[in-house]
Amino acid sequence: MHTLNSFRIDTCAFVFIDHQPWVAFPVQSIGPAVLVDNVSGLAKVARALGVPTVLSTISGRGGPLNDPLFTQLTEVFPGVEPIDRRNTTAWAAPAFVAAVEATGRRQLVMCGLWTEVCLAQTVLSAIRAGYEVAYVADCSGGLSVESHEEAKRRMSAAGAIPMTWQAVMAELCPDNTAPEYKALYPVVLQHGAGVGLAVQYYAAQLGAA
């Protein structure tokens, strides 16, 4: 089994696969508001910590309809051009593989839609190519709860590490005295739900002291 014991800011790259409106419409394993909020949080973690990030779309352009990335993603990465493709396995697109290789990282943090199709196929392909892979379950979604869960089991059985976006954030920056830690405060406050509320409360106590 693969491990991510040395999972650090300088050893990993993030990969977002097919976070597009049309692709998201039939997702049933997670609500759209929660999905978008979680994906936004993870993207802002990557930006705050300077982690290389690869974006991909499937049939996003060049067809009868346009299906771009969520605007919440493009706003975080305005200078990153998503790699559009026609194959459900992103790893089958040479431009995608080239973009991953260009990061120089051998550990990949992946999330995507749908969990059981494009994400799972790409995760398994990356593992076969010798990468260590974590998949971010709460930034991904399947056509049903069952399909999402079965895909998670399949990826985990192949050696991928299941994580959530806040777990990724905490593992990348576990030292709360590190300078990078403060860069994550705005992300937690905006997207951290209960954790964000706890940070608000803590800040209020400091202000009252």
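Miscellaneous remarks
- Of the residues Thr71, Thr115, the single one that is hydroxyl-bearing (Ser, Thr, Tyr) and out of contact with any His (no Cβ under 8 Å at 6 or more places or on another chain) is Thr71.
- If only residues of segment 97-119 that are farther than 22 Å from Phe7 by Cβ and under 16 Å from the mean Cα position of the chain (by Cα) are counted, the one that is surrounded by the fewest Cβ atoms within 10 Å (Cβ to Cβ) is Val117.
- The residue list Val34, Val51, Val80 contains one member that is in a helix (DSSP H, G or I) and under 22 Å from Gln190 (Cβ atoms), which is Val34.
- In segment 146-187, the residues that are without any contact (Cβ under 8 Å) to a residue 12 or more places away in the chain, open to solvent by less than 50 Å² (accessible area, probe 1.4 Å) and more than 20 Å from Ala134 (Cα to Cα): Ala178
- Here segment 84-96 is the region considered, the condition is being of a type in the set (Gly, Ala, Ser) and more than 17 Å from Val136 (Cα to Cα), and the residue that is surrounded by the most Cβ atoms within 10 Å (Cβ to Cβ) is Ala93.
- Tallying residues that are closer than 23 Å to Ile9 by Cβ and either open to solvent by less than 10 Å² (accessible area, probe 1.4 Å) or touching a Leu at 6+ places or on another chain (Cβ under 6 Å) (or both) within segment 120-131 yields 4.
- For segment 103-137, a tally of residues being out of contact with any Cys (no Cβ under 6 Å at 6 or more places or on another chain) and closer than 24 Å to Gln20 by Cα returns 21.
- Leu143 being assigned to a loop (DSSP other than H, G, I, E, B), out of contact with any helix residue (DSSP H, G or I) (no Cβ under 6 Å at 6 or more places or on another chain) and modelled with pLDDT of 95 or more: yes
- Among the residues making up segment 40-83, those that are among the small types (Gly, Ala, Ser) and either touching a residue at least 40 places away in the same chain (Cβ under 8 Å) or open to solvent by 50 Å² or more (accessible area, probe 1.4 Å) (or both) are Ser40, Gly41, Ala48, Gly50, Ser56, Ser59, Gly60, Gly62, Gly79.
The values are calculated or read from the model by the stated rules, or taken from the named source; none is laboratory data. All figures in this text were calculated on a predicted structure; none of them were measured in a lab. Ideal geometry is used to build each Cβ from the backbone, glycine not excepted, and the neighbour counts take in all protein chains shown. For accessibility, only protein heavy atoms count, side chains too; no ligands or nucleic acids. Shrake-Rupley method; radii C 1.70, N 1.55, O 1.52, S 1.80 Å.
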